[in-house]
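Q: Input: one structure, supplied below.
The values are calculated or read from the model by the stated rules, or taken from the named source; none is laboratory data. Bear in mind the structure is a predicted one, so any value in this text is a computation, not a measurement. Positions of Cβ are generated from backbone atoms using ideal geometry, with glycine treated the same way; all protein chains shown enter the neighbour counts. When the accessible area is computed, the model is the full protein with side chains, heavy atoms only, and any ligands, DNA or RNA have been set aside. Shrake-Rupley method; radii C 1.70, N 1.55, O 1.52, S 1.80 Å.
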Amino acid sequence: MSYKNVKKWDSLNHVSLILAIESKFSIKIKPEASIDLTSYKKILNFIKNFKG
Amino acid sequence: MKYQNSTPYHKILELLESKKFKYNRKITIYNLYNFNPLILNKYLELHLKEKSLKPKILSSEFDQIDQGLLSISKNFKSKKFDILIVGSDINAKLSYNESVIDEYLNSQKNNLTQCLKIINKYKNLPIIFFNCNILSSSFFSSREEFIKLREKIFNFNQYLYKLSLKNKNFKILDINVIGNVIGLGSFYDSKNYYISKTPYSQQSNNHISFELSQTISSIFVTRKKCLVLDLDNTLWGGVLGEDGPNGIDLGESYKGECFRNFQKYIKKLLNKGIILAICSKNNIQDVRECFKKNKEMILNFNDFSNVQINWKEKYLNINKISEELNIGKDSMVFFDDSSFEREQMKKFNPSINVIETPKEPENFIQTIENSSFFYQTTLTTEDKKKKYQYKILKKANKFKDKTKNISEFLKGLSMTLEIDNINKFNFERAVQLTNKVNQFNLTTKRYSSSELQQFLKSKNQISLLARLKDKFGDHGLTALAMAKKKNSKTWIIDNFLLSCRILGRGIENALLYELLKKLKKKRVNIVKGIYIKTKKNHQCKDFYIKNFFIKKDKTHICDLNKIKKMNNSFLKIKYE
């Protein structure tokens, strides 16, 4: 699942997604990193690394 | 304004996905912002849904306020929204100096001029306008500059408030107060701004959208009518039966002052037209004595339109209040410190609105405020009179108990029905009635201001609003009838309703007769009356059949050439 095959995943909703992840896991994501989080897998890895 | 505990953003999204909401009304909101409102709108959606409003939020491209306003004022016919929000925040400009702020204030003034044009042209479109934030001094090069600019912003904000007082459709969202409540330090979030063009922090988004939802619901949701209060540990501290009239906590002590302020707040609600009632397990003599003897008491025993003080279950007593005041249960709010009573009420009388009363009396006022059950931005003159009207109703009911024969009773009331067309003086009340009345309402058609305006524009309509007076006083504008042309011979009754507080006096029959007479004068042959069943209007099911109409298929037909003169000698009819 990535921004390519999810229609609603546009730049605005990407912001919404990043904010939701930040508040769900109580983490801060740097803007540079957030640009890269364009698929479910990447996000999952990112959070695992962050927490681990 | 109390600080709103901020719900984290992911929770908002989850709640929007999973929670089931009950809706009373759909509204379409059009917003124009100079920032990206994505996050703000998610919060707003949730707050509105929690107030039983189903919003559709339309946004223009952000930072297009002036173009947006221009296109609305030019091309309003295509208007497909109920309310307009205009928000321009100074932080979207980020760097501050005199010229930036001057430019910002000028653009705000332009926006304001456009908004006023729109309001003038389209009388019934409410607009919510963000005022300007007063910034902290650290942004400025010198103290002098700061003081000068602060004054400019302050003056503009004062001007906005004055406008809002004059114009009921112009509402202010006070970003300044919200900034103060949250603290400027956590009000803005510059990271949010850089990545998403949203200037506000999560807390601010939550707070601003909550205030927006309060204002919006005050426009579109009719507030509750009656507050039912407990006594012990609610209006005062301690237990009257044990502590005695002068032993209860009210007045100078820490707790006593909380309760006294709470009573002051209740008095304010009363003056805003909220009906008060008591539902308490106590001895009535003790309570009377207490209201008389305790000098710290703010409320009078007479401030309560109905009092149920006994040892019966409260969920039964509240039914009595509802019956005696003729107020629907869903318009009543129950406030009691005991969680046992609240739970019982919820279980056995689920249509009553129950407020989750906090343990600490210092939080009582805020809890009622946050519920927004009684929130209203404008008062109609009818509201101010309401308590008085319920009082005279009580007198009339007592009179009814004394006289046994009903027609004798009605004659003895010496009632006058003053009938008038809906006009600009009573327009507000007409809209209110179509939205409020549930029980005696044949079609339960709700009208917004603009919809009613539209209806009145047509030449082929009759709309009547009636005021009832009797020997006890003025009951106010309480009955409404609207009919419109269907074809050359047939008219249809679009709306027919009577406020429940004047039911049982034959007013409805008299008003229908007057409407039919008017239609006959217009050479109408056939009148159609429809009854649309709802959960609450069962009592008017046979209204048309009892009065001149014959049932035909799903509607009722009245042949105006055949109607007989009606005996309504129990009542005087006056046309304004």
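Q: For the range B:451-480, name all the residues that are over 30 Å from B:Lys80 (Cβ atoms) and open to solvent by less than 10 Å² (accessible area, probe 1.4 Å).
A: If the condition is that a residue be over 30 Å from B:Lys80 (Cβ atoms) and open to solvent by less than 10 Å² (accessible area, probe 1.4 Å), then B:Leu464, B:Ala466, B:Leu468, B:His475, B:Gly476, B:Thr478, B:Ala479 are the ones that fit.
Q: Among the numbered criteria (1) under 28 Å from the mean Cα position of the chain (by Cα); (2) closer than 16 Å to B:Leu32 by Cβ, which single criterion is violated by B:Thr113?
A: Going through the list (1) under 28 Å from the mean Cα position of the chain (by Cα); (2) closer than 16 Å to B:Leu32 by Cβ, B:Thr113 breaks only (1).
Q: Among (1) closer than 27 Å to B:Glu211 by Cα; (2) at pLDDT 85 or above; (3) aromatic (Phe, Trp, Tyr), where does B:Tyr375 come up short?
A: (2)
Q: Every residue in the range B:181-221 that is away from every other protein chain (no Cβ under 14 Å) and over 26 Å from B:Tyr375 (Cα atoms), please.
A: B:Leu184, B:Gly185, B:Ser186, B:Tyr188 - these are the residues of the range B:181-221 that are away from every other protein chain (no Cβ under 14 Å) and over 26 Å from B:Tyr375 (Cα atoms).
Q: It is to be established whether one or more residues within the range B:420-442 are open to solvent by 30 Å² or more (accessible area, probe 1.4 Å), at pLDDT 90 or above, farther than 23 Å from B:His538 by Cα and among the acidic types (Asp, Glu).
A: There is at least one residue in the range B:420-442 that is open to solvent by 30 Å² or more (accessible area, probe 1.4 Å), at pLDDT 90 or above, farther than 23 Å from B:His538 by Cα and among the acidic types (Asp, Glu).
Q: Applying the selection to the range B:104-129, what residues are out of contact with any Phe, Trp or Tyr (no Cβ under 7 Å at 6 or more places or on another chain), closer than 15 Å to B:Lys74 by Cα and buried (at least 17 other Cβ atoms within 10 Å of the Cβ)?
A: Listed by number, the residues that qualify are B:Asn111, B:Gln114, B:Ile118, B:Leu125.
Q: Here is a further query. For the range A:5-13, check the following and say yes or no: at least one residue is out of contact with any strand residue (DSSP E or B) (no Cβ under 9 Å at 6 or more places or on another chain), buried (at least 17 other Cβ atoms within 10 Å of the Cβ) and more than 8 Å from chain B (Cβ to nearest Cβ).
A: no
Yes/no matrix, rows are residues, columns are (1) in a loop (DSSP other than H, G, I, E, B); (2) open to solvent by 30 Å² or more (accessible area, probe 1.4 Å); (3) of a type in the set (Lys, Arg):
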site	(1), (2), (3)
B:Tyr531	yes, yes, no
B:Lys535	yes, yes, yes
B:Lys551	no, yes, yes
B:Asn561	no, yes, no
B:Lys564	yes, yes, yes
B:Ser569	yes, yes, no
B:Ile573	no, yes, no
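Q: Just to be sure I understand, how many residues within the range B:38-53 are open to solvent by less than 10 Å² (accessible area, probe 1.4 Å) and within 18 Å of A:Val15 (Cα to Cα)?
A: Number of matching residues: 4.
Q: For the list (1) open to solvent by less than 100 Å² (accessible area, probe 1.4 Å); (2) within 14 Å of chain B (Cβ to nearest Cβ); (3) part of a helix (DSSP H, G or I); (4) of a type outside the set (Asp, Glu), I need the number of the one condition that A:Ile27 fails.
A: (3)
Q: Related question: In the range B:264-287, which residue that is surrounded by fewer than 17 Cβ atoms within 10 Å (Cβ to Cβ) and touching a helix residue (DSSP H, G or I) at 6+ places or on another chain (Cβ under 6 Å) is farthest from B:Glu362 (Cα to Cα)?
A: Ranking the qualifying residues of the range B:264-287, first place goes to B:Asp286.
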